[in-house]
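Everything on this sheet refers to the single structure shown next.
The values are calculated or read from the model by the stated rules, or taken from the named source; none is laboratory data. It should be emphasised that the depicted structure is a prediction, and the values quoted were computed from it without experimental measurement. Note that each Cβ is placed from the backbone with ideal geometry, even for glycine, and that neighbours are counted across all protein chains shown.
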Amino acid sequence: MSVRPASVGSFLRAAPPDRLPEAVAEHLRTGFPIDVVELLLSDLTMSALWPVIVPEAPAGGPLEQRCFGSQQPVTDGSNRVLLPLTTWGDRLGVLRVQFTGPPARDVIAELVTVADELALALRAADKDTDRYRQVVRRQRLTMSAELQWELLPGRSLGGERFQLAGQLEPAYAMYGDHYDWALTDDRLTLTVLNGHGDGIEAALLTTIAVNAMRNARRSGAGIVEQAELASDAIYARHGGDTHVATLLLEIDLTGGTVEAVDAGSPRALIAREGDIRPVHLEQQLPLGMFGDSRYETQKFQLEPGDRLLVVSDGVHAATPAGRSPYGDAGLLSALRRTRLQPPTEAVGTVIRGLREYHGSAEQQDDAVIVCLDWLRRTA
């Protein structure tokens, strides 16, 4: 008996939000000769895949990691099929299915649809159960990190015209660094923020800024009004005693034009045909330093195939143990290693390079990197 995609979706919608893995396993066993079904979710550092149905089982191995990284189904000689779980480019994990015999190719194609349905259901269910978050957290978050992770739009986003990914470091003890994005029609709005200070105060500051910018953006405002509303909100609460350094970008996905409001320390770089160069923008005041602050946009141009990277000062200005800033040479070296990687892998490569640069020195600041590939023009 074959499992039809529509019935899979209906079955998942009828299941309790915390029982989706078991619901899929039960449903698959009614249609295929299957021994074992397991759902593996990526942890916050995107470095390991952890089982959900049998939590005490080992983390996913090289084949699971290959499936997660390539975003393609993977099979091996043991009748095992691995399928990526992804929604709109946001990678969640891997579905592992062990058959009693070699699966047919048309069965694998059908399982891809099952995995897609499960990924959508998991994303929707995440608001109503803590089960999946408990799996991906391998240690307790600080309160500031809890606030930051709740604010994130996702870990990656993609389509025919672009691929986008972001990563936070350290995952379990963030402060004020953050990113946000939103896609509407042909416009992608992207912001990277660095809230001043440490601990929960920095996280609360960034929370105000992000929600103020979202409030303006969702009312139809452009990035200038987004910056000004956020600046006013921060100043009204803190009277200029603190601020949020922010880079706001609005990217035309049809023509590649980027409008920018540079309000502080995050930096942008473009990788083009093997060359990496900084985007030179006139820096304006960070958000919240003065009342009634006003901002202006600047423009730069992306070419098809360009990679745009935005990093917070925790990346480009990191000076562990008195070394020169990571952005002077170490960052460029790490970026060159990402040339053949998609953004989802590239952000991890840069973060690992940052950790290696610190060596045994403790990381003094949190860090954000966002990577965007503009793939091509549309007709």
Go through the range 251-272 and give me each residue that's at positive phi and at pLDDT 95 or above.
Gly256
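In the range 211-260, which residues are acidic (Asp, Glu) and touching a Leu at 6+ places or on another chain (Cβ under 8 Å)?
At the first step, the residues of the range 211-260 found to be acidic (Asp, Glu) are 225, 228, 232, 241, 250, 252, 259.
The answer is Glu250, Glu259.
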Check the range 296-319 and report whether any residue there is in contact with a Phe, Trp or Tyr (Cβ under 7 Å, 6 or more places away or on another chain), of a type in the set (Ser, Thr, Tyr) and surrounded by fewer than 21 Cβ atoms within 10 Å (Cβ to Cβ).
no
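Can you give me the ranges of the helices (runs of 4 or more DSSP H) entirely in the range 267-367 with at least 1 residues that are out of contact with any His (no Cβ under 7 Å at 6 or more places or on another chain) and among the polar types (S, T, N, Q)? Lay out the reasoning, then the answer.
Details: elements: 313-316, 330-336, 343-358.
Result: 330-336, 343-358.
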Filter the range 188-201 for residues that are among the aliphatic types (A, V, I, L, M) and closer than 15 Å to Glu169 by Cα; the one that is farthest from the chain's Cα centre (by Cα) is Leu193
Is there a residue being at pLDDT below 95, under 17 Å from Asp366 (Cα atoms) and either among the small types (Gly, Ala, Ser) or touching an Asp or Glu at 6+ places or on another chain (Cβ under 7 Å) (or both) anywhere in the range 158-166?
no
Quickly run through the range 91-137 and pick out the residues that are within 18 Å of the chain's Cα centre (by Cα), farther than 20 Å from Val36 by Cα and not aliphatic (A, V, I, L, M).
Arg91, Arg123, Asp126, Lys127, Arg133, Arg137
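Of the residues Arg105, Arg123, which is surrounded by fewer than 18 Cβ atoms within 10 Å (Cβ to Cβ) and under 24 Å from Gln167 (Cβ atoms)? Step through it out loud before you land on a result.
Values: Arg105 fails: under 24 Å from Gln167 (Cβ atoms).
Matching residue, one of Arg105, Arg123: Arg123.
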May I ask you to say which residue of Gly77, Gly60 is small (Gly, Ala, Ser) and at pLDDT 95 or above?
Gly60
Among the strands (runs of 3 or more DSSP E) contained in the range 140-239, which hold 2 or more residues that are among the hydrophobic types (A, V, I, L, M, F, W, C) and touching a residue at least 24 places away in the same chain (Cβ under 8 Å)?
162-169, 177-184, 187-195
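Could you run through the range 152-168 and say how many residues are touching a Cys at 6+ places or on another chain (Cβ under 6 Å) and not hydrophobic (A, V, I, L, M, F, W, C)? Don't jump to the end; show me each part of the working.
So in the range 152-168, the residues touching a Cys at 6+ places or on another chain (Cβ under 6 Å) come out as 165.
Checking which are not hydrophobic (A, V, I, L, M, F, W, C) leaves us with none.
Qualifying residue count, the range 152-168: 0.
Among residues belonging to the range 320-353 that are surrounded by fewer than 23 Cβ atoms within 10 Å (Cβ to Cβ) and among the hydrophobic types (A, V, I, L, M, F, W, C), point out the one that is farthest from the chain's Cα centre (by Cα). Before you say what the answer is, go through the steps one by one.
Step one: of the range 320-353, the residues surrounded by fewer than 23 Cβ atoms within 10 Å (Cβ to Cβ) are 320-325, 327-330, 332-342, 345, 348-349, 352-353.
Still in the list and also among the hydrophobic types (A, V, I, L, M, F, W, C): 321, 329, 332, 334-335, 340.
On the way: Ala321: 29, Ala329: 25, Leu332: 21, Ala334: 19, Leu335: 17, Leu340: 19 Å.
The qualifying residue farthest from the chain's Cα centre (by Cα) is Ala321.
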Just name the residue that is modelled with the lowest pLDDT out of those in the range 191-250 that are buried (at least 24 other Cβ atoms within 10 Å of the Cβ) and not hydrophobic (A, V, I, L, M, F, W, C).
Gly195
